[in-house]
Amino acid sequence: MNVFVTGTDTDVGKTFCAAAICRGMELKSLPVAYWKPIQSGTSLPESIDRNVVSAMAPSTTIVPTAFNFERPLSPDQAAHLEQAPEATLEDLLKALPKVEELCTIEGAGGLYVPFNQKADTWIDFLSATFLPTLLVARTGLGTINHTSLSIRAIEQNGTPLLGVLLSGESNSQNLQSLQRLHPNVAFHEIPHVNVPKDANHATDQWDKLSLNAATFVLDQLEAHHGESEAASWVAENHLHSWHPYTQHQIVKDPLPLVRAKGIYVYTNSGERLVDGNSSWWVNTIGHGRKEIGDAIRKQQATMDHVIFAGATHQPAAKLSKRITDLAGSGLTRAFYSDNGSTAVEVALKMAFQSFANRGETKRNTFLAFRGSYHGDTFGAMSVGSSDGFHGPFSPLLFKTMHATPPTHHKSHLCPNGSDDYGKCVDELRATLAEHHQKLAGVIIEPLVQGASSMLMQPIPFLKELEAQCQTYGLPLIFDEVFTGLGRVGAAFAFQRGGVSPDIICLAKGLTGGTMPLSLTLAKESFFEAFLSDDKAKALLHGHSYTGNAIACSAALATLDLYENEGLAERACSLEAKFSKFFAAYSSQLNLQNPRSLGAIMAFELPGSGFGDYFNSQAQKIPAAARKNGLFLRPLGNTLYCIPPLCITDGEADHCLEMIAKTVSDLN
Ligand SMILES: Cc1ncc(COP(=O)(O)O)c(C=O)c1O
């Protein structure tokens, strides 16, 4: 069990406190280790912290230091001046001791000391490791501000703070002030005593202090461990929560997750699993992104939520401009709501009312596509075509026409795969020719129907659809709730298809998986169709949280990451990786209908047919995947994977290997 020891500053007594903990553990006859990952100032032997710990706690296992620098400077500066290899976050994570015993890991300097030119700091190290942390602080004048700032930095980082060790001559006034400022933080005083030269010179004072320090740490570890591991919240959930899409009679044990970082989620027992479905497809860029967290905190402190009718604010104004610029194609207006379903409701209302406002009131249906899923509110269900999800509500839904979308692979909609393309196009043309006067619009999930087993359309179909809608003057709505924001290898599916829809729906990836937010973007002509002296011709739709300022700020930070990190390009490189994977494994494992687009890959299980939703092998996937370190939620017999786009090449290769192993393990 690793515990990180940091300080409010350099020279506040980190090494003294770490040595005290180690010595205390020795006196309790418990094994203990010490690691100083980066040491600067090695030109002076007395400043080498591992030597100090060895002398003061001689039975402690000393893990070798990974990076040594001669100059007593911050590691980034020392490495630079000495032209020595600098420490990277990856190096430190790889070198992290894997020990059963308590291992005190001592940082260099305080939390925000950088260890490389990229300016990775201990805060980044902690946000990658979630190590329980002890903060060492001075007792004297000036400590209150430094200690309080460091506590806040640790807490805001999501790092478990075990407690604060106040090192030096006791100062009860400062202690009380800090306790008042941070009533939930445990403080422990470590008075300075004569430092023993070695164990033979250890004094009673030193041993007593050490025992107390070790007891404090062990107690705090137990309290923190208990809190997240506790069976109690799992039991509370079982008694009081009602989960979506869950038959509670069958599913008794939802995965108890306690944290998430990058492409991983972590269970309460410390299991690390790849988030293979990007948490219901919302997490486009990786969990726990600091930049988004910072934006959320800053916005919450500035202005949280204010009404968006009759008032406005900068985050929404900036987001409207930014997202419409990114979309281009004449999509100039952004309407705000909270989730994918409501974004679809708004799109349907925009299309329908734009006709009604012009006096065309007989257009009372939409053309949608078989296999589509647009959400779970009533309008969204009506244009959906998924009996499996919405069967019980069918008597309440408005009538919608459906055409068959072509798929470039075999599917239950197109049993002959791309050979059925012509048939689908003919059906579309015939339906529109016959019914276009009744239609208020056409809605499609462009390129990929997600919920209906990741069915993938040939890209040219979008051009055909666009041409048909233009022929009949029908609004073309692209539901890009799933495909938008980089996932298909372009900012939006319509861009990959080279077409220009009239309205698009966005949600899921918009805030990088942090805040519920959705947008319906429309061309200016739709906005203009609602302009009138008559108030009833306005778009009379809104939600309490419409245009939530915190969510808008999260979306702006997400768009920064999306652009700065080239995430659409990343999706393209994943697409190439998936193709290689299928080339290597499809016939070996008998994978059915392998397909991929951008960051989405899917196939049906060996030997299973189309739409075999209750396939018995498929039921075993979540457990088999979990054993291989993956969190997967198959759609019936379709196994799919959509990792967050921050996935590295190495992680992606490993993830694909584990998918192959999971399929083999089923047999
Ligand atoms: C294409 C599409 N549209 C709409 C929705 C509904 O979004 P939400 O679940 O946020 O309401 C989804 C959800 O999966 C979707 O995939």
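Tell me what the chain gives for mean residue ellipticity at 222 nm when only DSSP H runs of n ≥ 4 count, each as -39,500 (n - 2.57), the sum divided by the residue total, rounded to 500 deg cm²/dmol.
Numbers: 24 runs with 269 residues, N = 667.
Calculated at 222 nm, the ellipticity per residue is -12500 deg cm²/dmol.
Using the Cα gyration tensor of region 6-144, with a ≥ b ≥ c the square roots of its eigenvalues, what is the shape: rounded (a/c below 1.5), prolate (a/b larger than b/c) or oblate (neither)? Mind dumping the intermediate values first?
On the way: a/c = 1.44, a/b = 1.32, b/c = 1.09.
It is rounded, given that a/c, with a ≥ b ≥ c, falls under 1.5.
Excluding residues on the same chain fewer than 8 positions from residue 410, give the lysines whose Cα lies under 19 Å from its Cα.
Cα-Cα hits under 19 Å: 423.
What whole number of Å gives the distance from the Cα centroid of region 124-199 to the Cα centroid of region 587-646?
48 Å
Taking the Kirkwood radius as the inverse of the mean 1/r across Cα pairs, report the Rg/Rh of region 28-67.
On the way: Rg = 10.7 Å, Rh = 10.7 Å.
Here the Rg-to-Rh quotient is 1.00.
Using a ≥ b ≥ c from the Cα gyration tensor of region 453-493 (square roots of the eigenvalues), is it rounded, prolate or oblate, where a/c under 1.5 gives rounded and otherwise the larger of a/b and b/c decides, a/b for prolate? Present the calculation step by step, with values, prior to reporting the outcome.
Values: a/c = 2.27, a/b = 1.78, b/c = 1.28.
Taking the square roots of the gyration eigenvalues as a ≥ b ≥ c, region 453-493 is prolate.
State whether region 343-436 is rounded, prolate or oblate according to the following rule on the C-alpha gyration tensor (a ≥ b ≥ c being the square roots of its eigenvalues): a/c under 1.5 gives rounded; otherwise a/b larger than b/c gives prolate, and the remaining case gives oblate. Please list the in-between numbers first.
Working: a/c = 2.46, a/b = 1.39, b/c = 1.78.
Oblate.
So which aspartates and glutamates can residue 28 reach, going by Cα to Cα under 14 Å and dropping same-chain residues fewer than 8 places off?
Answer for residue 28, where 14 Å is the Cα cut-off: 101, 207, 219, listed by chain and number.
So what's the net charge close to residue 317: Lys and Arg +1, Asp and Glu -1, counting the other residues with Cβ under 15 Å from its Cβ?
Details: positive: 318, 321, 322, 333; negative: 325.
Summing Lys/Arg as +1 and Asp/Glu as -1 gives +3.
Quick check: net charge around residue 657, other residues with Cβ under 13 Å of its Cβ, Lys/Arg +1 and Asp/Glu -1? Intermediate results must be reported in sequence, preceding the final value.
Details: positive: 577, 580, 661; negative: 649, 651, 653, 665.
Around residue 657, the charge tally is -1.
Can you work out the Karplus-derived ³J(HN,Hα) for every residue in region 231-245? Use 6.51 cos²θ - 1.76 cosθ + 1.60 with θ = phi - 60°, whole Hz, and x for glycine or proline.
3J(HN,Hα) across region 231-245, in whole Hz: 5, 4, 6, 5, 5, 4, 4, 4, 7, 10, 9, 10, 8, x, 6.
Quick one: angle between helix 567-589 and the longest Cα principal axis of the chain, in degrees between 0 and 90, rounded to 10, please.
On a 0 to 90 degree scale, this one is about 80.
Of the peptides 162-174, 42-54, how do they stack up when ordered by the mean number of other Cβ atoms within 10 Å, highest first? Could the numbers behind the result be given before it?
Details: 162-174: 19.0, 42-54: 15.8.
Packing proxy ranking, top to bottom: 162-174, 42-54.
At 7 Å along the Cα-to-beta-carbon direction for both residue 620 and residue 396, put a label point, then send me their distance in nm to one decimal.
For residue 620 paired with residue 396, the spin-label model returns 3.9 nm.
Return the ratio Rg/(2.2 N^0.38 Å) for the chain, where Rg is computed over Cα atoms only. Don't skip to the answer; put the middle values down first.
Details: Rg = 29.3 Å, N = 667, 2.2 N^0.38 = 26.0 Å.
Scaled against compact globular proteins, the figure is 1.13.
Taking R0 as 35 Å, what's the FRET efficiency between residue 302 and residue 253 from their Cβ-Cβ distance, rounded to 0.05? Can you show the working numbers first?
Values: r = 41 Å, r/R0 = 1.18.
Efficiency, rounded to the nearest 0.05: 0.25.
Taking 4 °C and 1.567 mPa s as the conditions, I'd like the Stokes-Einstein D for region 331-382 in µm²/s, using the Kirkwood hydrodynamic radius from alpha carbon pairs.
Numbers: Rh = 12.2 Å.
Stokes-Einstein gives a translational diffusion coefficient of 107 µm²/s.
How high is the relative contact order of the chain? Use alpha-carbon pairs under 8 Å, at least six apart in sequence, and give a whole percent. Before the final figure, lay out the partial values.
Numbers: 1306 pairs, mean separation 81.9, N = 667.
In percent, rounded to a whole number, it is 12.
Against the empirical 2.2 N^0.38 Å scaling, what ratio does the C-alpha Rg of region 476-521 come to?
Working: Rg = 10.2 Å, N = 46, 2.2 N^0.38 = 9.4 Å.
Dividing the Cα Rg of region 476-521 by 2.2 N^0.38 Å gives 1.08.
Which distance in nm do the two modelled labels at residue 149 and residue 579 give, with both placed 7 Å along the Cα-to-Cβ direction?
Going from the residue 149 label point to the residue 579 one covers 5.2 nm.
Cα-Cα over 31 Å: which of 36/508; 290/463; 321/463?
On the way: 36/508 42 Å; 290/463 40 Å; 321/463 27 Å.
Long pairs (Cα-Cα over 31 Å): 36/508; 290/463.
Extending each Cα 7 Å along its Cβ direction at residue 527 and residue 94, get the distance between those two points in nm, one decimal.
Placing both labels 7 Å along Cα→Cβ, they lie 5.1 nm apart.
How about residue 438: which lysines have a C-alpha closer than 17 Å to its C-alpha, ignoring those fewer than 8 places off in the same chain?
List returned: 349, 362, 399.
Ratio of region 140-199's C-alpha Rg to 2.2 N^0.38 Å, to two decimals? All intermediate terms of the calculation are to be shown ahead of the outcome.
On the way: Rg = 13.1 Å, N = 60, 2.2 N^0.38 = 10.4 Å.
Taking the Cα Rg and dividing by 2.2 N^0.38 Å, one obtains 1.26.
I'd like the orientation of helix 549-564 relative to the chain: the angle between its Cα long axis and the longest Cα principal axis, in ° from 0 to 90, rounded to 10.
It works out to around 90 degrees.
Counting only DSSP beta bridges with both residues in the chain, tell me the antiparallel percent, nearest 5.
DSSP beta bridges in the chain are roughly 40 percent antiparallel.
Which whole-number percent is the relative contact order of region 1-74 (Cα, under 8 Å, 6+ apart)?
Values: 103 pairs, mean separation 24.8, N = 74.
Here the relative contact order equals 33 percent.
Arranged from highest to lowest average of other beta-carbon atoms within 10 Å per residue, in what order do the peptides 178-185, 305-312 appear?
Details: 178-185: 13.4, 305-312: 11.9.
Put in order of decreasing packing, that is 178-185, 305-312.
Counting just the Cα atoms, what span does region 402-474 cover along each of its three principal axes? Round to the nearest Å and put the largest first.
Cα spread of region 402-474 along its principal axes, largest to smallest: 33, 22, 19 Å.
If you take the beta carbon distance between residue 664 and residue 44 as r and set R0 to 60 Å, what does 1/(1 + (r/R0)^6) give as a FRET efficiency, to the nearest 0.05? Let's see the in-between values first.
Details: r = 57 Å, r/R0 = 0.95.
Result of the calculation: an efficiency of 0.60.
Each value in this text was obtained by applying a stated rule to the coordinates, not by laboratory testing. From a predicted model like this one, the values you see are computed outputs, not experimental measurements. Neighbour counts run over all protein chains shown; Cβ positions are idealised from the backbone, glycine included.
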